[in-house]
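What follows is a short report on a single structure.
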Amino acid sequence: MRANDVRSSEFLRHGAYVCLRLSAGARQAGAAAAVPALAERLALRNEFEPGAGPPENSIAFLRRVGATPGDMADEGLERADAIVHVASASSDVVATFCKEVERLLAPAGSLLVLRGGVRPMVYTGNAMHNFAYAHRVLPQPGTVMPNAFLLPMSKTAAWWAKDWMERHTYFLPRYDDEGKMVNEGHALAAAAGIACLMRRTYKHESEPAPAGSYDFLTYFECADADVPVFHEVCAALRDVSRNPEWKFVREGPTWQGRRVATWRELFA
Ligand code: HEM
């Protein structure tokens, strides 16, 4: 008899970033759109004041600070004036929100919807969990961690052609035959962020994602004092002498926002 104990890689949670680019003179139309009523109807809890545990359904409002282009052009994200994040254990809630918000915001501007979900970890056993996630930063109120960064990316065909065992090696340091560390790999290069960055990664429904979609939507929140740490961590990950994994990464724009408490504040 053999076991049949393959672990699921299905989404644990679904999410979307709705990126809004306002048309000229449409600020008032945007502010007046019935997005708060839609959020209430779908029982979306505001992430600006997180509760004790993860909410069933949640929403967040992010006001543009700026954006830096990446390797892949993406006007819809790069020029977004505001982003609304919606998340739920139910894909229907996210799909309904996205569909209805498109209708509500059509008079105010153009929308780009980036969707994905949280999957069980792929490369993380107990030891990596204890290093990288056991003491992760949990969601904090918007007043404590007002900075938000959305950074979508994909990996190249050469990455996806590798066996999972080889891909796994890029998350750990590499050592030469004498045991001297040759490079840090993803987790160690990024370690400075563990204590101060709230991290969330959504993956695409298919792996790799189809052309025109991202494989990963990474998102971070932090306090004002830790914004330089966010940039240092990104620089460490991008330095292929420290983290060879990034040879296989193609980034979209890095969009920076400020978390605000209400829909209307996005247009103030
Ligand atoms: C702050 C400290 C960070 C730590 C400790 C860390 C650690 C890790 C670990 C252990 C994984 C593997 C998860 C798994 O088992 O599936 C992972 C995946 C990932 N991380 Fe990070 N990370 C950090 C920051 C970042 C940052 C700043 C970015 C983006 C700029 C990023 C992008 C990603 C992506 C896209 C994946 C999925 C990669 C794949 O499955 O091929 N991480 N991270």
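Bear in mind that the values in this text are calculations on the coordinates, not laboratory data. All figures in this text were calculated on a predicted structure; none of them were measured in a lab. Cβ coordinates were reconstructed from backbone atoms using ideal geometry, including for glycine residues, and neighbour counts include every protein chain displayed.
Results, tabulated for the structure shown:
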{"quantity": "Cα centroid separation - the range 226-241 against the range 93-144, whole Å", "calculated": "21"}
{"quantity": "Spatial separation of Cα centroids for the range 1-52 and the range 179-195, in angstrom", "calculated": "32"}
{"quantity": "Cα-based Rg of the range 1-153 normalised by 2.2 N^0.38 Å, two decimals", "calculated": "1.20"}
{"quantity": "Within the range 1-26, backbone nitrogen closer than 20 Å to the virtual label 7 Å beyond the Cα of A89 toward Cβ", "calculated": "8-16"}
{"quantity": "Whole-number Å³ per residue for the convex hull built on Cα positions in the range 194-268", "calculated": "139"}
{"quantity": "Orientation-averaged projected area, Cα convex hull of the chain (nm²)", "calculated": "16.7"}
{"quantity": "The chain - mean residue ellipticity at 222 nm from DSSP helices (-39,500 (n - 2.57) per run, n ≥ 4, rounded to 500)", "calculated": "-6000 deg cm²/dmol"}
{"quantity": "13 Å beta-carbon shell around V249, net charge (K/R +1, D/E -1)", "calculated": "0"}
{"quantity": "Eligible lysines near K203 by straight Cα distance, threshold 30 Å, same-chain separation 8 or greater", "calculated": "K99, K155, K162, K247"}
{"quantity": "Net charge contributed by nearby residues that have their C-beta within less than 12 Å of V227 (K/R +1, D/E -1)", "calculated": "-3"}
{"quantity": "Gain in span if fully extended, N126 to Q28, counting 0.36 nm per residue against the direct Cα distance", "calculated": "30.2 nm"}
{"quantity": "Note, ³J(HN,Hα) from phi for the range 92-105, Karplus 6.51, -1.76, 1.60, rounded to Hz, x at Gly and Pro", "calculated": "4, 4, 5, 5, 5, 4, 4, 5, 6, 5, 4, 5, 5, 9"}
{"quantity": "Charge sum, other residues only, whose C-beta stays under 13 Å from G30's C-beta, Lys/Arg counted +1 and Asp/Glu -1", "calculated": "+3"}
{"quantity": "Cut-off under 5 Å, modelled amide H: who pairs with F171 long-range", "calculated": "H186"}
{"quantity": "Largest to smallest principal axis extent of the C-alpha atoms in the range 105-181, angstrom", "calculated": "63, 36, 22"}
{"quantity": "Under 5 Å, built H, 5+ apart or other chain: amide partners of A209", "calculated": "D215"}
{"quantity": "Spin-label model distance (nm) - V227 vs R41, 7 Å beyond Cα toward Cβ", "calculated": "3.7"}
{"quantity": "Length gained when the stretch A134-S241 is fully extended (0.36 nm per residue, less Cα-Cα span)", "calculated": "35.8 nm"}
{"quantity": "Cα-projected label distance for Y175 with E56, points at 7 Å along beta-carbon direction, nm", "calculated": "4.9"}
